[in-house]
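In what follows, a structure is listed as structure tokens, so that the remarks can point back to it.
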Amino acid sequence: MKNYEQKTDKNNITKNMVIPILFSATLLTGIMVCIICNIAISGNLTWSLIPVSSIIFAWLIFFPGIVLRKNKIIASLISLSIFIIPYLFLLGNLIKTKEVFSVGAVIAVPSIIFLWIIIAIFNYIGKTRKLLALGIIFLLAIPFMFIINIILFKMIAEPVLDIWDILSGFILLILAFISFICGYARKRK
């Protein structure tokens, strides 16, 4: 019986390492294709630095979630929280547009906070009442949308409220209502 358990553990470890290796190899292939094409076309590295940095950023975000057995989403969110600002800074410098970093970093902060709030809601309420948690998140998305709009209004004079914001808010309200009703109906069964 011990030999079977040892073989099973070894197979699981091997199987668990195949996906991260394939993921990394796929992204590395994309990096190499970009670099080769860029050098073949222009003789040096120019535009390829943008997809290369974005691919590395994607690897930094998703790899912890692929490797870990537990708390995959939290690991990826921690990685996103750490690397989003440096990535936006690098991207802004590569495309020589300061607004990518200045606006992107300011929008990234409340967005990361909102993602952490979503994780907290699902960890505390969503374990037993997923639809209630989903409804709460839909409701919280409405003020979050307006917070983002206010920030953009102050930075780039984007309107605080337009028809698409009203439509989005209405759709979020409907989704929250449906989630609450379905959660209530499921609880009564």
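Restricting region 118-129 to residues that are part of a helix (DSSP H, G or I) and surrounded by 16 or more Cβ atoms within 10 Å (Cβ to Cβ), which is modelled with the lowest pLDDT?
Here the answer is F122.
Please determine, by comparing only the residues of region 43-66 that are among the β-branched types (V, I, T) and within 17 Å of the chain's Cα centre (by Cα), which one is most open to solvent (accessible area, probe 1.4 Å).
So the residue we want is I56.
Consider region 107-135. How many of its residues are among the β-branched types (V, I, T) and touching a helix residue (DSSP H, G or I) at 6+ places or on another chain (Cβ under 6 Å)?
Of the residues in region 107-135, 4 are among the β-branched types (V, I, T) and touching a helix residue (DSSP H, G or I) at 6+ places or on another chain (Cβ under 6 Å).
Yes/no matrix, rows are residues, columns are (1) touching a Gly at 6+ places or on another chain (Cβ under 9 Å); (2) touching a residue at least 40 places away in the same chain (Cβ under 8 Å); (3) open to solvent by less than 50 Å² (accessible area, probe 1.4 Å):
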residue: I107; (1), (2), (3): no, yes, yes
residue: W116; (1), (2), (3): no, no, no
residue: L131; (1), (2), (3): yes, yes, yes
residue: G135; (1), (2), (3): yes, yes, yes
residue: L140; (1), (2), (3): no, no, no
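The values are calculated or read from the model by the stated rules, or taken from the named source; none is laboratory data. Everything numeric in this text was worked out from a predicted model, so none of it was measured. Every residue, glycine among them, receives a Cβ derived from its backbone with ideal geometry; neighbour counts consider all protein chains shown. Just the protein is used for accessible areas: all its heavy atoms, side chains included, with ligands, DNA and RNA removed. Shrake-Rupley method; radii C 1.70, N 1.55, O 1.52, S 1.80 Å.
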